[in-house]
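Participant: So that we are looking at the same thing, I have put the structure below in C-alpha cells.
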Amino acid sequence: LKDWPNKKDSDIASEIFGFHGFKPEVEDTEVIHDETVSTIIQRETDMQFLMRLALRNGFDCYVQGTDGYFGPSQLDESPQPLLAVHFGEESNLNSFSIEVNSITPVNVSMSQIDRMNKEVLDVSVESAQQTSLGDTGPTDILASGMEPGKVYMGMNTATGIPEMEALAQGLYHKAEWFVTGTGEISGNMYGHVLKPRKTVTIKGINERHSGVYYVSRVTHFFSSNGYIQTFSVKRNAIMVVGDEDFASSGGGLF
C-alpha cells in the first residue's frame, strides 16, 4: 500500500522502472495529480499498478530486455518480415483465422462534478488519435443511417477535463481494435522470430484483410517436427492503404 502524491502517471512509471533497474522509456502523461485534489493510491504489485495506469491512458506497458516501456502502441515502426497464407511457395503460415466485430468501436462520454467549484464537466471522444493500420475505419463500414454505439463512463473519478479526456480517449482506442486474428507460423519456413507489440504485414487474405496488423501475443513451440509460433494480432481498420510492402520476405530455412 503506497501513496503517490503530486505525481504524473509517467513520473510514477519512470520511478518504478528505475527502482527495479530498468531503463525507462516513458511517454509524458502531462496531468499532475495534485494532492490537494486527489492522490494516487497503489494497492497492488508494481507491474499490476503500472498496467492499471497504462490502461487509463490507452498505453502499453511492458518490460523488454533492460527497458521498461510505458506509452502508446508503436504503430508507425517498420513492420516485421512478411507473413503469407495461401500464397504458394511464399506461404509461411500453417493457418490463420480472422474475426471482424463491427459493434466493438464506440464513442465515449464522461461527466462529473468539479470538486473545487461544483461545475459540471463533460467530455466526449468521437475520433482516434492513433495511427490507422488500414484504409477503412470502423465507422466507415456501418450501414447507411447507423450511428456508432456510445459508452458513458461511470464510477470513474478524474481531477479535471485533461484527465477525463485521457480516460475517454484511452477507452476509445481500446474499443477501436475491431479486427482480431490468430494464426500458426511454420517457423522453419518463416526464418524469423515474430515479436509481440510490433506490427507485421500479412498477405494472401484478399484486399479486405491483407495489410498491417499489430501483434499482441506470440508463443513458441519446439519439437522434433520443427519450430512453430502461434500468434494473435489485431487491427483498427480494414482494406489496404496502398503503401504496404507485400514483396517476399526472403525468409528461408533456419
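The values are calculated or read from the model by the stated rules, or taken from the named source; none is laboratory data. Everything quoted here is computed from the prediction, not taken from an experiment. Please note: Cβ atoms are built from the backbone with ideal geometry, for glycine as well, and neighbour counts cover all protein chains shown. Keep in mind that these areas ignore ligands, DNA and RNA; they rest on the heavy atoms of the full protein, side chains included. Shrake-Rupley method; radii C 1.70, N 1.55, O 1.52, S 1.80 Å.
Participant: Being small (Gly, Ala, Ser), within 15 Å of the chain's Cα centre (by Cα) and open to solvent by less than 30 Å² (accessible area, probe 1.4 Å) is true for just one of Gly137, Gly170. Which residue is that?
Facilitator: The unique qualifying residue is Gly170.
Participant: Same structure again: Looking at region 28-48, can you tell me whether even one residue there is surrounded by 15 or more Cβ atoms within 10 Å (Cβ to Cβ), under 26 Å from Ser132 (Cα atoms) and not β-branched (Val, Ile, Thr)?
Facilitator: No, that holds for no residue.
Participant: Is at least one residue of region 18-40 of a type in the set (Lys, Arg) and closer than 22 Å to Gly170 by Cα?
Facilitator: no
Participant: Looking at region 86-99 only, could you name the residues that are touching a residue at least 40 places away in the same chain (Cβ under 8 Å) and surrounded by fewer than 19 Cβ atoms within 10 Å (Cβ to Cβ)?
Facilitator: Selection gives His86, Phe87, Ser91, Asn94, Ser95, Ser97, Ile98, Glu99.
Participant: Can you name the residue in region 140-161 that is farther than 30 Å from Asp9 by Cα and either in contact with a Cys (Cβ under 8 Å, 6 or more places away or on another chain) or not in a loop (DSSP other than H, G, I, E, B) (or both) and, of all such residues, is most open to solvent (accessible area, probe 1.4 Å)?
Facilitator: Filtering first and then ranking leaves Asp140.
Participant: Just a yes or no: is a residue in region 16-23 at positive phi and exposed (fewer than 15 other Cβ atoms within 10 Å of the Cβ)?
Facilitator: Looking through region 16-23, at least one residue is at positive phi and exposed (fewer than 15 other Cβ atoms within 10 Å of the Cβ).
Participant: Name the residues in region 2-15 that are farther than 23 Å from Tyr172 by Cα and either among the β-branched types (Val, Ile, Thr) or buried (at least 16 other Cβ atoms within 10 Å of the Cβ) (or both), would you?
Facilitator: Trp4, Lys7, Asp11, Ile12, Ser14 - these are the residues of region 2-15 that are farther than 23 Å from Tyr172 by Cα and either among the β-branched types (Val, Ile, Thr) or buried (at least 16 other Cβ atoms within 10 Å of the Cβ) (or both).
Participant: Let me ask something else. Among residues belonging to region 173-211 that are under 18 Å from the mean Cα position of the chain (by Cα) and assigned to a helix (DSSP H, G or I), point out the one that is surrounded by the fewest Cβ atoms within 10 Å (Cβ to Cβ).
Facilitator: In this case the residue turns out to be Lys174.
Participant: Would you check if there is a residue in region 233-246 being surrounded by fewer than 20 Cβ atoms within 10 Å (Cβ to Cβ), in contact with a Ser or Thr (Cβ under 6 Å, 6 or more places away or on another chain), of a type in the set (Lys, Arg) and not in a helix (DSSP H, G or I)?
Facilitator: So far as region 233-246 goes, yes, one or more of its residues are surrounded by fewer than 20 Cβ atoms within 10 Å (Cβ to Cβ), in contact with a Ser or Thr (Cβ under 6 Å, 6 or more places away or on another chain), of a type in the set (Lys, Arg) and not in a helix (DSSP H, G or I).
Participant: For Met164, all conditions in the list (1) touching a strand residue (DSSP E or B) at 6+ places or on another chain (Cβ under 7 Å); (2) more than 17 Å from Lys234 (Cα to Cα); (3) surrounded by fewer than 16 Cβ atoms within 10 Å (Cβ to Cβ) hold save one; what is the number of the exception?
Facilitator: (3)
Participant: Still on this model: What are the pairs with Cβ atoms under 6 angstrom where one residue, in region 200-214, is closer than 12 Å to Lys234 by Cα and the other, located anywhere, is open to solvent by 30 Å² or more (accessible area, probe 1.4 Å) and assigned to a strand (DSSP E or B)? Sequence gap at least six, or different chains.
Facilitator: As it stands, the answer is His209/Ile98; Tyr214/Lys234, since those pairs meet every condition given.
Participant: For Val120, are the conditions met, namely being β-branched (Val, Ile, Thr), modelled with pLDDT under 95 and open to solvent by less than 60 Å² (accessible area, probe 1.4 Å)?
Facilitator: no
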